[in-house]
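Novice: Dropping a structure here in C-alpha cells format, bear with me for questions.
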Amino acid sequence: MSFDRSVKIAPSILAADFAAFGAEIEAVEAQGADWIHVDVMDGHFVPNITFGPATCAAIKPHIGTVMDVHLMIAPVDPYIEDFAKAGADILTAHVEAGPHIHRTLQAIRGAGMKAGVALNPGTPAEAVAHVLDLCDLICVMTVNPGFGGQKFIPMHDKVRKLREMIGDREIHVEIDGGVDPTTAGDLVTAGADVLVAGSAVFRGGSVSNSEPYGENIRAIRAATS
Ligand code: DX5
Ligand code: ZN
C-alpha cells in the first residue's frame, strides 16, 4: 500500500446486507469505492455487536482494494494477530480502548499491518501527540461509535489541529460518521483524505441494483472537488 493524500471514499459495510457481504463489497468496488471500511464491535467498548476476525477472513477474498478494519473493541492486543491473519491491511484501535495505545500501535505494525488510531468525539487531538510516529492513519469519529446512520458531529477544528501536528508525516486523516455530500467538502478542506460513509453510500441500492452506490459515491466525491 503506497501513501497518497488524494480523497478516498471508504464505504462501511455496516450499512450493507449482512447476508451478502461478498457480493456487496464487489458491487461497491465496481461502483468506485477506494477502500472497504469494516466495523468490528464487541458490545462492551460500544453498545453494539457486529462480527470478528472470522468474518473479516471470509470477506477478504472479495476485497480488491484496501481492507480498513476499525476495531471498536476492548481489549485490542489479544486479537491483533487474528486480524493480521484475516488479511486486514489497516487495523485501527481506539485511543480510549487503552490502557497502552503505544504498545498496541507497535504490535499492529509488528504484525505487518498499517496502524490506525481512532478518537471519539470527546477526545482531543492531543491524545495522539506522542504516538504520531507509530501510526499510519488517524480516524476522527464524527459520531459516537456503535451505530450507522447517526447525526454528524462537527470536528473540523480537530481535523485542522491534527494536520498541523502531523506535519509532513505520511499519515491519513480519516473521518467516520455522518459523512455525506453535505459534510464531505469542508472535511477535506480541513485536512481529511479518507471519508468513511455507510448510509450515504448504500442508501437506495442493493446487490441486484448497484448503480445507486455509484451515484452516491460520485456525489460524495464531487462535493470534495
Ligand atoms: C460507527 C461506525 C461507522 C459507521 C458510519 O460506529 O464506525 O463506520 O458505519 O456510518 P454512517 O456513514 O451511516 O454514519
Ligand atoms: Zn467505522
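Each value in this text was obtained by applying a stated rule to the coordinates, not by laboratory testing. What you see is a predicted model, and the numbers here were worked out from it, not measured in a lab. Every residue, glycine among them, receives a Cβ derived from its backbone with ideal geometry; neighbour counts consider all protein chains shown.
Novice: Using the 10 angstrom Cβ neighbour count as an exposure proxy, how do Ile220, Ile49 rank, fewest first?
Specialist: On the way: Ile220 23, Ile49 14.
Ranked by crowding around the Cβ, least crowded first: Ile49, Ile220.
Novice: Additional query: In whole percent, what relative contact order does the chain give with Cα contacts below 8 Å and a gap of six or more residues?
Specialist: Values: 464 pairs, mean separation 46.9, N = 225.
Taking the mean separation of contacting Cα pairs over the length of the chain, I get 21 percent.
Novice: On to the next question. Sort 129-135, 102-108 by the packing proxy (mean of other Cβ within 10 Å over each peptide's residues), most packed first. Display every interim value, and only then the final one.
Specialist: Details: 129-135: 14.4, 102-108: 19.3.
Going from most to least packed, we get 102-108, 129-135.
Novice: May I ask you to evaluate 6.51 cos²θ - 1.76 cosθ + 1.60, the Karplus curve with θ = phi - 60°, for each residue of the stretch 65-74 and list the ³J(HN,Hα) values in order in whole Hz, giving x for glycine and proline?
Specialist: 9, 10, 8, 9, 9, 9, 8, 10, 9, 8
Novice: For Ala57 and Leu132 in the same chain, what is the full-extension length gain: residue separation times 0.36 nm, less their Cα-Cα distance, in nm?
Specialist: 24.1 nm
Novice: Based only on Cα atoms, what Rg/Rh ratio does the chain have, Rh being taken as Kirkwood's radius? Walk me through the numbers on the way to the answer.
Specialist: Numbers: Rg = 15.9 Å, Rh = 17.1 Å.
Rg divided by Rh gives 0.93.
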